[in-house]
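Data first, discussion second: the structure below is written as structure tokens.
The values are calculated or read from the model by the stated rules, or taken from the named source; none is laboratory data. The structure presented is a predicted model; accordingly, all values stated were derived computationally and were not measured. Here Cβ is always computed from backbone atoms with ideal geometry, including for glycine, and neighbour counts include all displayed protein chains. Accessible surface areas use protein heavy atoms only, side chains included; no ligands, DNA or RNA. Shrake-Rupley method; radii C 1.70, N 1.55, O 1.52, S 1.80 Å.
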Amino acid sequence: MRSYWSAIFGGLGIIGLQSVPVWGHGVVITHEVQRAIAIQARYDTGEPMAAAQVTVYAPDDPTTPWLTDTTTADGEFLFTPDLGQPGTWEVQVRQAGHGQILAIPITETAAGLEITSGEAAQGAPNPLQRGLMIGSVVWGCVGTALFFSRKPKA
Amino acid sequence: MTKRLLFLILIPVLAAFGQGCDTAPEAEAPVTPPEVTEQTTTEATGTLQIRANGEERARDGFTSKDGWELSFDHIYVNLAQVTAYQTDPPFNPERDDPLQAEVEVTLPVTTTVDIAETDPEYETVLVGEITAPAGQYNALSWVMQPATTGPAEGYALVLLGTATQNRESIDFALQIEETLAYQCGDFVGDERKGILVAGETADLEATFHLDHLFGDSRSAPDDSLNQGALGFEPLAALAENGRVEASMADLQTQLSGDDYDILRGILAELGHAGEGHCRVTDA
């Protein structure tokens, strides 16, 4: 008999405990910092591809969509790739019979995973970038030379 | 000692600077001929099909931006040097970067296909197929050039059909003798194409967008596609006794200068890979 009542009150207790968050409209918010990829899709006229169809393909299976979604009104789309899958991630954006596939390489380096931007992945440095790189190398070497050529302190 | 050290350090600096000031830097050098992977019996290969597609507009007809109902009896396209590529980095036809192929395979024949032909299974027309190394073929090129034989003899593109508006009906035969070489990137569409697994069959598609030429009444009049399209009205104005038959040479003299320029520009935009754009290069 004692065990019978214990079972009843025990059960009510469990129900009560489970119900508390519902009555109180409890909310649990956590946060996690992740590396995401931002896509900006525009027509060549500069007009954003608003609400365009987006399909993401992971390197492990380039034929099956890993994620499908749409762009924002500004033609933007943000996703977090599975960094456990290094390789070339491909993002297809389509609208009104026109579209393009963007390849985004994620490579493993000594410093960890590195995401290469689409622009850099698809083109060589422009003349300005190349000039900056050459200038940096030259300035670094000149600075080294000046360091070694300085007069010793008395 | 200090001078010697300075000299030693400056030598590589000047050498690096000299390379940087080269008027023809390596990154901007002309395209090196892509390496063709020779197929051997030990290589993992599959069958790569190249198909042509005029979409439902070619098969079922459509209404032009200026209200002409178009139906096509035949749309002949003569395709040569059809080549599929595995490129790295992926080829983007909307940039100036060259197509850098790691593997390429070319159909050995020139073929005329009818993209108005309805294939109930594929809705596309087989141009040809070839045994190819497995991998991801993410670029396609072809040359649309005048046929030397067959129904399109003398022309690269022939559109035969009927245009109807209100009670007026015009039979048309547009015969394009221009040679155009298209280079396209990855296929863009409902499904991925060109991913060839050893022992299996994959396909790539040369797609022709007729709405670029005639516009489409289903799009808004101010849609950029309709704004750039020729429409059918300029061609209807050339009809005699309910028929217009014209080559590019004829159209150059019969169309207005602006309309002829629009037509030439559109021909360069006709070729796609699914919904993906192409660029036209020297044939």
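At-a-glance table
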read-out	value
Scan of segment B:42-54 for residues that are open to solvent by 40 Å² or more (accessible area, probe 1.4 Å) and of a type outside the set (Ser, Thr, Tyr), ordered by number	B:Glu43, B:Ala44
Filter result (open to solvent by 10 Å² or more (accessible area, probe 1.4 Å) and under 15 Å from B:Phe214 (Cα atoms)) within segment B:158-173	B:Leu160, B:Thr162, B:Thr164, B:Gln165
Whichever residue in segment A:63-82 is farther than 19 Å from B:Phe187 by Cβ and in a strand (DSSP E or B) and, among such residues, is most open to solvent (accessible area, probe 1.4 Å)	A:Leu78
Test result for B:Pro133, touching a strand residue (DSSP E or B) at 6+ places or on another chain (Cβ under 7 Å), farther than 22 Å from A:Trp66 by Cβ and surrounded by fewer than 18 Cβ atoms within 10 Å (Cβ to Cβ)	no
Criterion (open to solvent by 10 Å² or more (accessible area, probe 1.4 Å) and over 21 Å from the mean Cα position of the chain (by Cα)) met by exactly one of B:Pro108, B:Pro120	B:Pro120
Top-ranked residue in segment B:178-194 [being more than 14 Å from chain A (Cβ to nearest Cβ) and surrounded by fewer than 23 Cβ atoms within 10 Å (Cβ to Cβ); ranked as nearest to A:Gln53 (Cα to Cα)]	B:Gln183
Number of the exception - A:Asp60 against (1) open to solvent by 90 Å² or more (accessible area, probe 1.4 Å); (2) at pLDDT 90 or above; (3) out of contact with any Phe, Trp or Tyr (no Cβ under 9 Å at 6 or more places or on another chain); (4) over 26 Å from B:Arg95 (Cβ atoms)	(3)
Those residues of segment B:256-283 which are away from chain A (no Cβ under 14 Å) and buried (at least 20 other Cβ atoms within 10 Å of the Cβ), in sequence order	B:Leu263
Enumeration of residues in segment B:73-90 that are in contact (Cβ under 8 Å) with a residue 24 or more places away in the chain and either more than 24 Å from B:Glu55 (Cα to Cα) or open to solvent by 30 Å² or more (accessible area, probe 1.4 Å) (or both)	B:Asp73, B:His74, B:Tyr76, B:Gln81, B:Gln86, B:Thr87, B:Pro90
Long-range neighbours under 7 Å by Cβ, at least six apart or interchain, first residue within 22 Å of B:Ala152 (Cβ to Cβ) within segment B:220-247, second open to solvent by 50 Å² or more (accessible area, probe 1.4 Å)	B:Leu230/B:Ile262; B:Leu238/B:Gln254; B:Arg243/B:Asp171; B:Ala246/B:Gln254; B:Ser247/B:Glu177
Top-ranked residue in segment B:195-208 [being within 11 Å of chain A (Cβ to nearest Cβ) and surrounded by fewer than 23 Cβ atoms within 10 Å (Cβ to Cβ); ranked as farthest from the chain's Cα centre (by Cα)]	B:Val197
